[in-house]
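The values are calculated or read from the model by the stated rules, or taken from the named source; none is laboratory data. Nothing here was measured: the structure is a model prediction, and the numbers come from that model. As a convention, Cβ positions derive from the backbone with ideal geometry for all residues, glycine included, and neighbour counts pool all protein chains shown. All accessible areas refer to the heavy atoms of the entire protein, side chains included, with ligands and DNA or RNA removed. Shrake-Rupley method; radii C 1.70, N 1.55, O 1.52, S 1.80 Å.
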Amino acid sequence: MNTDFRPLIVGNWKMNGLAAALDQAKALASALADEAVAARVGLCPPATLLAQAAWALKGSAVLLGGQDCHTEPSGAFTGDVSAEMLADAGASLVILGHSERRAGHGETDALVAHKVAAALRAGLEPIVCVGETLAERDAGREIEVVTGQVTASLPDALAGRDFAVAYEPVWAIGTGRTPTLEQIGAVHGAIRQALTQRFGHQGVGVPILYGGSVKPSNAQEILGLDEVGGALVGGASLKAEDFLGIIRAG
Ligand code: PGA
């Protein structure tokens, strides 16, 4: 169970990065080798770079993660990657239910819950993403939408296991727009309540990451909020220097 209250700061490279991008992973690992930071740090490169990134990060404390996984361990699923394959390539984390997969690949809460169970089967720590669209926010439905996603995307199998939830308002991802600190605090508070109702005392320690246009200039105030237990970082994780600026704020 998660007894580690250090913030968890995870970079999500999405579908970015050819082999040359490994230089950024190496730069990250070597900077963190010389420097003590409060946060646990993770990096989720595209699946094609996982094995090479595992070499680049070898000996460093940076955790490696996948960006998605299939529900099954193996089989006739062309183009898919299983949780076991991610673990085999060196991953210990996996991002699941990212809004780009929910919107672009029709992933439902039920499918995300199955994927979470698959991640646990392979011994991975899942980071389960939730977040409202702009239309849902404008309709004042963000708490209802997000807590509904939390309830339906988290399987009971998470009881006693390490996992994190990432709140990523869809309208803040890659847009440079971030919610106000009050808005972030309100949603994170509601997620915490949903987690403790569901998982009891365990729910108190589950890290709730914020994601959506996190950058070095806003990381400190966001990470300083009660109930923000880390960050999921897209664009700003592609350059080691920017990502380090966020990690140092943790
Ligand atoms: P962004 O992406 O930091 O580029 O907004 C965040 C995410 O999608 O995880």
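No other residue among Gly176, Gly160 is under 23 Å from Thr71 (Cα atoms) and not β-branched (Val, Ile, Thr) apart from Gly160. Quick check on Gly65: is it open to solvent by less than 60 Å² (accessible area, probe 1.4 Å), at pLDDT 95 or above and more than 25 Å from Thr108 (Cβ to Cβ)? Criteria not met by Gly65.
For the stretch 229-238, a residue qualifies if it is touching a helix residue (DSSP H, G or I) at 6+ places or on another chain (Cβ under 6 Å) and either basic (Lys, Arg) or open to solvent by 10 Å² or more (accessible area, probe 1.4 Å) (or both), and exactly one does: Ala236. Among the residues making up the stretch 71-101, a single one is within 16 Å of the ligand (Cβ to nearest atom), assigned to a helix (DSSP H, G or I) and either open to solvent by less than 40 Å² (accessible area, probe 1.4 Å) or at pLDDT below 95 (or both): Ser99.
Any residue at all in the stretch 146-160 that's without any contact (Cβ under 8 Å) to a residue 60 or more places away in the chain, among the small types (Gly, Ala, Ser) and open to solvent by less than 20 Å² (accessible area, probe 1.4 Å)? Yes: one or more hits.
Here the stretch 109-134 is the region considered, the condition is being open to solvent by 30 Å² or more (accessible area, probe 1.4 Å) and either within 16 Å of the ligand (Cβ to nearest atom) or at pLDDT below 95 (or both), and the residue that is nearest to Val10 (Cα to Cα) is Thr133. Would you mind stating whether Gly106 is open to solvent by less than 60 Å² (accessible area, probe 1.4 Å), more than 20 Å from His188 (Cβ to Cβ), in contact (Cβ under 8 Å) with a residue 12 or more places away in the chain and not hydroxyl-bearing (Ser, Thr, Tyr)? For Gly106, the condition - open to solvent by less than 60 Å² (accessible area, probe 1.4 Å), more than 20 Å from His188 (Cβ to Cβ), in contact (Cβ under 8 Å) with a residue 12 or more places away in the chain and not hydroxyl-bearing (Ser, Thr, Tyr) - is not met. Among strands (runs of 3 or more DSSP E) entirely within the stretch 6-70, having at least 1 residues that are within 16 Å of the ligand (Cβ to nearest atom), under 18 Å from the mean Cα position of the chain (by Cα) and within 12 Å of Gly90 (Cα to Cα) singles out 40-44, 63-66.
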